[in-house]
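Heads up, the thing below is written out as C-alpha cells.
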Amino acid sequence: MASQQRVVVVGGGLAAAGAVRSARESGFEGEVVVLAEEPRAPYERPPLSKGYLTGSDAASSVSPHDLRWYRRHEVDVRRGARAVALDPAAHTIDVEQRDGEDSTLAFDRLLLATGARARRFTGPGAGLRGVHVLRTLPDSTRLRTALRVGGRRVVVVGGGWIGLEAAAAARGYGNDVTVIVRGGEPLEAAVGAGLGAMFRGLHEQHGVEVRRGASVTALRGARGRVTSAVLSTGEEVPADLVLFGIGAVPNVELAASAGLHVDDGIVTDASLRTSADDVFAAGDVAAVWNPRLERHLRVEHWANAGASGAAAGRALALAPIAFDEVPYFFTDQYDLGMEYSGYGDLAADAEIVVRGDVPLTAASAADARREGIVFWLARDGRVVAGMNVNVWDVNPAVQRLIRSGRVVSRDELADSSVPLEALAGDAA
Ligand code: FAD
C-alpha cells in the first residue's frame, strides 16, 4: 500500500521542494523524507545574485516553503543530512547527519535532486581571502557583506548570467567593476554575439569595464588577501575582490558511485527515471531525454528545477509522467528584465528576428529602448527560441509558438501588429 511506503528526496534546492509538494498534491500519503546537506530547508537561488545580493530581499524570500509548511504536510526535512552512499538494488541510502547520528534509510522510491556546485578557480592564488564564488545563501551573504562596503575594485571572472548579475549588484553598491570575458562577448554561448553585445553595452553604460578575449591565469595577493588578477594576455588587473562566475559542476558523485548511468549529468528517460529501478533524477543534475532534440538535455535553470522537480514528485507518487518542458530562464540586470524560452541547440544557426527595439550591438545600446521580443527563426521557418526584453506576459505565447512548430515568416514575426497568439495558431 502506497500509504505505507517511504519516498526519499536527496537535495535542498527548488527541485526537491517542488517534488515533495507535488508528491503530496498527487495524493501520496506515505512517508516523505528530504535529505538536505545544507543547514536550511530547500531554497531557490535566483535571488542570490539579484534581490538578496542587492539587499532588497530578505533571506526568507528564497524559501518556497517554510518549515511549518513541511510539518503541516508531514514531510520530514532533515537539514545538515548528507546522503553518502546509495544502494539501488537494496533500496537503501546511507546518511551522514551533521550534529547527529549517521543512519541508513530504506526507501521505496528515491529522487536525486543534488543540483550543482560552483566551479572554482584552481590556479595560483585560489586560496587568497577576497576570492568568491556564488552558489549558496552563505556565498551570497559573504559577497553582499564585501560589496556593500563600496568603493572597492571588483573583478568578475566570467560573462555568464551570474557574473553579469553580480556585476550589476556590485555597481549598485558603488564599486569599480571589471568583467573578464573569455570569448568575444558576454553571454555569447547563450544568446549569440549580437545580444551578447547588447548586454555588454548595458554594462558599459553603467560604468562596468568589460575585458574580452581574456581569462584569469593567476591571482596575486599580499598578507593573504587578493590584490590583483593576472590575465592570459599578461595584463594585471588590480582587485580587492574577485568573483568567479565560471559555471557549475553537477553533483553526480552519489549516483556515479551507485553505478547509475552518468554522463554530463545523471541520465534519465523522459519520465525522469534513471538507469536504476525506482530512482529518479530532476533539476540541474539530471540529463533528461528530450524527444524533440533526440538527445539528453541538462538544463541549469530555475523553471526547469521547479517543473522537473514537480514532475518527479508525481512519479514518486506513482502517477504517470512525461517531462517535456521548453527550457526557460530569466535575468534582471539594472533596469533590464528578460525571459528566454527555447532550445539553444536549435538556435545556433537560426536567423535572429527582432520585434520592437532590441539592439544587436553594444554601440547602439545607449539610445535604444531595449524593449521587444527577439525570435530565433530556424531555416525551416519554425521558431526555436524567443526572448522578451522589458515586455511582459508574452512568454507563454512565445512558448506556444515554439511548441506549435508552425512555419512563420520573418515579416510576421517582426510585425508587432500580428498577435503572437495568431502565429501560434491559438484558437480565437
Ligand atoms: P540546487 O539548487 O543546486 O540544489 C541542490 C541541493 O542539493 C543543494 O542544497 C545541495 O547542497 C544539496 N545536495 C547535493 N548533494 C547532496 C547530498 N549528497 N545529500 C544531501 N544534499 C545534497 N536560473 C534561472 O532560470 N534564472 C535565474 O535568474 C537564475 N539565477 C541564479 C542565480 C544564482 C546565484 C544561482 C547559483 C543559480 C541561478 N539560477 C537561475 C539557476 C537555478 O537556481 C538552478 O537551476 C536551480 O537552483 C537548480 O535547482 P536544483 O534543486 O536542481 O539544485
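The values are calculated or read from the model by the stated rules, or taken from the named source; none is laboratory data. Keep in mind it's a predicted model, so treat the numbers as computed, not measured. Don't worry about glycine lacking a Cβ; one is built from the backbone with ideal geometry, like all the others, and counts go over all protein chains shown. Ligands, DNA and RNA are excluded from the accessible area calculation, which covers all protein heavy atoms including side chains. Shrake-Rupley method; radii C 1.70, N 1.55, O 1.52, S 1.80 Å.
Give Val62, Val75 a once-over and let me know the one that is touching a Pro at 6+ places or on another chain (Cβ under 9 Å), within 20 Å of Gly309 (Cβ to Cβ), surrounded by 19 or more Cβ atoms within 10 Å (Cβ to Cβ) and in contact (Cβ under 8 Å) with a residue 24 or more places away in the chain.
Val62
Taking the range 116-175 as the region of interest, how many residues are away from the ligand (no atom under 14 Å from the Cβ) and either at pLDDT below 95 or under 15 Å from the mean Cα position of the chain (by Cα) (or both)?
1
Looking at (1) open to solvent by 40 Å² or more (accessible area, probe 1.4 Å); (2) touching a residue at least 12 places away in the same chain (Cβ under 8 Å); (3) not in a helix (DSSP H, G or I), which is the one condition that is false for Asp57?
If we test Asp57 against (1) open to solvent by 40 Å² or more (accessible area, probe 1.4 Å); (2) touching a residue at least 12 places away in the same chain (Cβ under 8 Å); (3) not in a helix (DSSP H, G or I), just (2) comes out false.
Can you report the number of residues in the range 107-125 which are surrounded by fewer than 21 Cβ atoms within 10 Å (Cβ to Cβ) and touching a Lys or Arg at 6+ places or on another chain (Cβ under 7 Å)?
4
Pick from Gly192, Gly201, Gly159: which is under 29 Å from Ser56 (Cα atoms) and open to solvent by 10 Å² or more (accessible area, probe 1.4 Å)? It would help to see each step written out before you state the result.
Numbers: Gly192 fails: under 29 Å from Ser56 (Cα atoms); Gly201 fails: open to solvent by 10 Å² or more (accessible area, probe 1.4 Å).
Answer to the selection: Gly159.
The conditions are (1) touching a residue at least 12 places away in the same chain (Cβ under 8 Å); (2) buried (at least 21 other Cβ atoms within 10 Å of the Cβ), and Thr227 fails exactly one of them. Which is it?
In the conditions (1) touching a residue at least 12 places away in the same chain (Cβ under 8 Å); (2) buried (at least 21 other Cβ atoms within 10 Å of the Cβ), Thr227 misses (2) alone.
Restrict the check to the range 381-388 and report whether at least one residue is of a type in the set (Lys, Arg), crowded, with 18+ Cβ neighbours inside 10 Å and either within 16 Å of the ligand (Cβ to nearest atom) or more than 21 Å from Gly115 (Cα to Cα) (or both).
no
Is the range 94-111 home to any residue that is outside any loop (DSSP other than H, G, I, E, B), more than 25 Å from Leu254 (Cβ to Cβ) and either in the same structural domain as Glu29 (by TED's automatic domain parsing) or of a type in the set (Val, Ile, Thr) (or both)?
Taking the range 94-111 first, the residues outside any loop (DSSP other than H, G, I, E, B) are 94-97, 103-106, 109-111.
Next cut, more than 25 Å from Leu254 (Cβ to Cβ) only: none.
No: the range 94-111 contains no residue that is outside any loop (DSSP other than H, G, I, E, B), more than 25 Å from Leu254 (Cβ to Cβ) and either in the same structural domain as Glu29 (by TED's automatic domain parsing) or of a type in the set (Val, Ile, Thr) (or both).
Within the range 231-253, take every residue that is open to solvent by 20 Å² or more (accessible area, probe 1.4 Å) and aliphatic (A, V, I, L, M) and give me the one that is farthest from Ser275 (Cα to Cα).
The qualifying residue farthest from Ser275 (Cα to Cα) is Ile246.
Out of (1) in contact with an Asp or Glu (Cβ under 8 Å, 6 or more places away or on another chain); (2) open to solvent by less than 20 Å² (accessible area, probe 1.4 Å), the odd one out for Trp289 is which?
Answer for Trp289: the failing condition is (2).
Given the condition surrounded by fewer than 19 Cβ atoms within 10 Å (Cβ to Cβ) and at pLDDT 90 or above, answer yes or no: does some residue in the range 338-350 qualify?
no
What single numbered condition from (1) small (Gly, Ala, Ser); (2) open to solvent by 40 Å² or more (accessible area, probe 1.4 Å); (3) in contact with an Asp or Glu (Cβ under 9 Å, 6 or more places away or on another chain); (4) closer than 21 Å to Gly337 by Cα fails to hold for Ala397?
Looking at each condition in turn, Ala397 falls short on (2).
List every residue pair whose Cβ atoms sit under 6 Å apart, with the two residues 6 or more apart in sequence or on different chains, where the first one lies in the range 99-125 and is more than 30 Å from Val157 (Cβ to Cβ) and the second, anywhere, is assigned to a strand (DSSP E or B) and acidic (Asp, Glu).
Here the result reads Asp102/Glu96; Thr104/Asp94, each pair linking the range 99-125 to a residue that is assigned to a strand (DSSP E or B) and acidic (Asp, Glu).
When you scan the range 248-300, how many residues do you find that are outside any loop (DSSP other than H, G, I, E, B) and at negative phi?
Applying the first criterion (outside any loop (DSSP other than H, G, I, E, B)) to the range 248-300 yields 248-250, 253-257, 262, 266-268, 273, 279-281, 283-290, 295-298.
Those still in the list that are at negative phi too: 248-250, 253-257, 262, 266-268, 273, 279-281, 284-290, 295-298.
Residues in the range 248-300 being outside any loop (DSSP other than H, G, I, E, B) and at negative phi: 27 in total.
Would you confirm, using the coordinates I've provided, whether Ser140 is open to solvent by 20 Å² or more (accessible area, probe 1.4 Å) and among the polar types (S, T, N, Q)? Let's see the steps before the verdict.
Numbers: open to solvent by 20 Å² or more (accessible area, probe 1.4 Å): no; among the polar types (S, T, N, Q): yes.
No: the conditions fail for Ser140.
Working only within the range 36-48, note down all residues that are near the ligand (Cβ under 7 Å from one of its atoms), open to solvent by 10 Å² or more (accessible area, probe 1.4 Å) and in a helix (DSSP H, G or I).
Listed by number, the list holds a single entry, Pro46.
Considering only residues that are under 19 Å from the mean Cα position of the chain (by Cα), farther than 29 Å from Leu164 by Cβ and within 7 Å of the ligand (Cβ to nearest atom), which ones fall in the range 1-35?
Within the range 1-35, the subset under 19 Å from the mean Cα position of the chain (by Cα) is 10-19.
Of the ones still in play, those that are also farther than 29 Å from Leu164 by Cβ are 10, 19.
Hit for the range 1-35 is Val10, nothing else.
Let's see how each residue does on (1) surrounded by 18 or more Cβ atoms within 10 Å (Cβ to Cβ); (2) hydrophobic (A, V, I, L, M, F, W, C); (3) within 12 Å of the ligand (Cβ to nearest atom):
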position: Ala255; (1), (2), (3): yes, yes, yes
position: Gly259; (1), (2), (3): no, no, no
position: Val262; (1), (2), (3): yes, yes, no
position: Asp278; (1), (2), (3): no, no, no
position: His296; (1), (2), (3): yes, no, no
position: Val299; (1), (2), (3): yes, yes, yes
position: Ala317; (1), (2), (3): yes, yes, no
